[in-house]
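What follows is a short report on a single structure.
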Amino acid sequence: MQFIVSLDLSVVNVGLPQIAVGLNFGTSGLTWVIHAYALTFGGLLLLGGKAADTYGRKRLLLLGLGLFALASLAGGFAQEPGHLVAARAAQGIGAAMLAPAALALLSGAFPSGRARVRAYGVWSATNAAGGAFGVLIGGVLTEYASWRWVMFVNVPLAVGALLLAVRGITPGPPPAHRGRPDVLGGVLATAGMTLLVFGIVRTDRYAWTSAVTLTTLAAAVALLAAFLYVERTTTREPLVRLGLFAHRAIAASNLFNLLAGAAMASSFYFVSLYLQNVLGKAPALSGLMFLPFALGVVLGSVAAVKLGHLLAPRTLLAGGGLLTAAGFLWFSRIDADGSFALDVLGPSLVVSIGFGLCLGPVVSLATAGAPPHEAGTASGLLAASRQLGASLGLAVLGAAAHGRTEEGQTGAGVTPAALTDGYAYAFILGAALLVAAALTALTLLRPTGPSAHSWAHSRSPEQDGPADAREPDTTIKGGPR
């Protein structure tokens, strides 16, 4: 299921030029094919995580998968720009329902021990592989079939995952309803997150200092501040219990995830542009050139499983972050007259292996720090921080790269050298974000205690809360309880 969500974040990008021609999109309207998904997915993740804890994780997961499949089918048959944008928004709603529920199920099925390390190793590998293969699949389908297949491809994947979920996940006892839900908090959080993502992604059209952007971001901050106030004072069941952030593991892992997500989302974007706009590679071939990245993430995830029994999570996060930053600095040396072998292959492997080392530990820490009955909420927080980081990173680094490119333009227009200089500058900024993420792990995560020794001991008894408050875990059939 995580593979499907990651795949959909990248599979559409390669087909955007053909989508514009096929449905007569305008230049500004085309961006909403991406923004519609990002807005609903990012805006509803907190609500999706809370709903999974409140109404049952399997139930919400199945509903999310069904909606995702139907929206993908509708998008493939779209005849007007508005039809596709609406389908992408519905896809985002489905993804916001299923992603936190799936991760909470994984956390409940593997609460500790070596099985937890292996489970998160597999999760992290498929998560990143979905993004990398999305570029490859999108390029192949766009070039040899039709842009419509970048939507249709989700349908058999979602149906297959739906069948596996029905057969492989036990429903478990009904979740305990602890009080009336905080509807006002849900509205404020959803509106604030959606408006924040909206303000960020629209910086491609309105400058950061423009009245439109400043007003939008100010309104988003006001809504989120009101949400925090409501959560502190409400007598109802809060959407997010603010005490969760008192756990160092949860606070640090979400901040790490936001910073690393900002850098990694931009790396896919700029490498793809460099391959096509500077090196002149076709979409299908450009997608194929992302395979080493997927392989590197798998290698990094396997290494994290091996090292997870020996090293503290903070060590893996800091080491992986610094290794990824080194790969970004290598990327910053790309040349307008370069080649895939010299300028892309080597740094891709360094970046992907470093990123693979980080993925499993950060997810394990973010979910292990929460009581079992709040695993869905913690999962939604982690996914929201990643989505917010991706949106923010693309907006900020994209604007920085565009500004550097404009500085290097000549009378003949935009040259490959000017484009390359802009991309290289963005990679330097991405490296700085990753160094900041590594410092976050070193300074905020405890060097001692049960969670410091390995992933296998990342849940301490006092974090689970009183025994009578714990919710029985929904467990994968055949997996350890």
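For the reader, a short list of remarks on this structure follows.
- Pairs with Cβ under 9 Å, 6+ apart, first in the range 61-72 and closer than 12 Å to Arg88 by Cβ, second buried (at least 20 other Cβ atoms within 10 Å of the Cβ) and acidic (Asp, Glu): Phe68/Asp8; Ser72/Asp8
- Qualifying residue in the range 129-141 (condition: more than 22 Å from Tyr37 (Cβ to Cβ) and either of a type in the set (Lys, Arg) or out of contact with any Phe, Trp or Tyr (no Cβ under 7 Å at 6 or more places or on another chain) (or both)): no
- Here Gly82 fits the description: surrounded by fewer than 24 Cβ atoms within 10 Å (Cβ to Cβ), of a type in the set (Gly, Ala, Ser) and closer than 28 Å to Ala220 by Cα.
- Close pairs (7 angstrom Cβ cut-off, 6 or more residues apart or separate chains): without any contact (Cβ under 8 Å) to a residue 60 or more places away in the chain in the range 280-293, among the aromatic types (Phe, Trp, Tyr) and part of a helix (DSSP H, G or I) anywhere: Met289/Phe340
- Screening the candidates Gly320, Gly287 for the property of being over 23 Å from Ala145 (Cβ atoms) and touching a helix residue (DSSP H, G or I) at 6+ places or on another chain (Cβ under 7 Å) yields one hit, Gly320.
Yes/no per residue for (1) of a type in the set (Lys, Arg); (2) within 21 Å of Trp123 (Cα to Cα); (3) out of contact with any helix residue (DSSP H, G or I) (no Cβ under 7 Å at 6 or more places or on another chain); (4) modelled with pLDDT of 90 or more:
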{"position": "Ala368", "(1), (2), (3), (4)": "no, yes, no, no"}
{"position": "Ala383", "(1), (2), (3), (4)": "no, yes, no, no"}
{"position": "Ser391", "(1), (2), (3), (4)": "no, no, no, no"}
{"position": "Ala436", "(1), (2), (3), (4)": "no, no, no, yes"}
{"position": "Pro450", "(1), (2), (3), (4)": "no, no, no, no"}
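Residues are listed down the side, and each one gets a yes or a no for (1) among the polar types (S, T, N, Q); (2) surrounded by 22 or more Cβ atoms within 10 Å (Cβ to Cβ); (3) modelled with pLDDT under 90; (4) in contact with a strand residue (DSSP E or B) (Cβ under 9 Å, 6 or more places away or on another chain):
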site	(1), (2), (3), (4)
Arg314	no, yes, yes, no
Leu322	no, no, no, no
Gly327	no, yes, no, no
Leu345	no, no, no, no
Ser352	yes, yes, no, no
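- Residues located in the range 279-303, provided they are at pLDDT 80 or above, surrounded by fewer than 20 Cβ atoms within 10 Å (Cβ to Cβ) and outside any helix (DSSP H, G or I): Gly280, Lys281
- Only listed residue being in contact (Cβ under 8 Å) with a residue 60 or more places away in the chain, part of a helix (DSSP H, G or I) and surrounded by 24 or more Cβ atoms within 10 Å (Cβ to Cβ), chosen from Gly380, Gly398: Gly380
- Some residue of the range 38-56 being more than 23 Å from Leu223 (Cβ to Cβ) and surrounded by fewer than 24 Cβ atoms within 10 Å (Cβ to Cβ): yes
- Single unsatisfied condition, Pro238 versus (1) closer than 19 Å to Ala383 by Cβ; (2) modelled with pLDDT of 85 or more: (2)
- Gln276 fulfils the conditions (1) surrounded by fewer than 21 Cβ atoms within 10 Å (Cβ to Cβ); (2) in contact with a Lys or Arg (Cβ under 9 Å, 6 or more places away or on another chain); (3) within 25 Å of Ile137 (Cα to Cα) except for a single criterion, (2).
- Consider the range 130-171 and keep the residues that are β-branched (Val, Ile, Thr) and touching a Leu at 6+ places or on another chain (Cβ under 6 Å). The one that is surrounded by the most Cβ atoms within 10 Å (Cβ to Cβ) is Val150.
- Residue in the range 110-126 that is of a type in the set (A, V, I, L, M), at pLDDT below 85 and within 15 Å of the chain's Cα centre (by Cα) present: yes
- Among the criteria (1) within 21 Å of the chain's Cα centre (by Cα); (2) under 30 Å from Leu357 (Cα atoms), the one Thr203 does not fulfil is (2).
- Cβ separations smaller than 7 Å between residues 6+ apart or across chains give the following pairs from the range 9-26 residues that are surrounded by fewer than 19 Cβ atoms within 10 Å (Cβ to Cβ) to residues that are not in a helix (DSSP H, G or I): Gln18/Trp147; Gly22/Trp147.
- Given (1) assigned to a helix (DSSP H, G or I); (2) modelled with pLDDT under 85; (3) touching a helix residue (DSSP H, G or I) at 6+ places or on another chain (Cβ under 7 Å); (4) more than 30 Å from Tyr55 (Cβ to Cβ), index of the condition His309 fails: (1)
- Against the conditions (1) over 30 Å from Arg446 (Cα atoms); (2) surrounded by 15 or more Cβ atoms within 10 Å (Cβ to Cβ); (3) under 23 Å from the mean Cα position of the chain (by Cα), Val221 satisfies every one except (2).
- Taking the range 175-273 and the helices (runs of 4 or more DSSP H) fully enclosed by it, no element has 1 or more residues that are touching a His at 6+ places or on another chain (Cβ under 6 Å), of a type in the set (A, V, I, L, M) and within 30 Å of Gly319 (Cα to Cα).
The values are calculated or read from the model by the stated rules, or taken from the named source; none is laboratory data. Every value quoted in this text rests on a predicted model; they were computed, and no experiment measured them. Quick reminder, even Gly has a Cβ in these numbers, built from the backbone with ideal geometry, and neighbours come from all protein chains shown.
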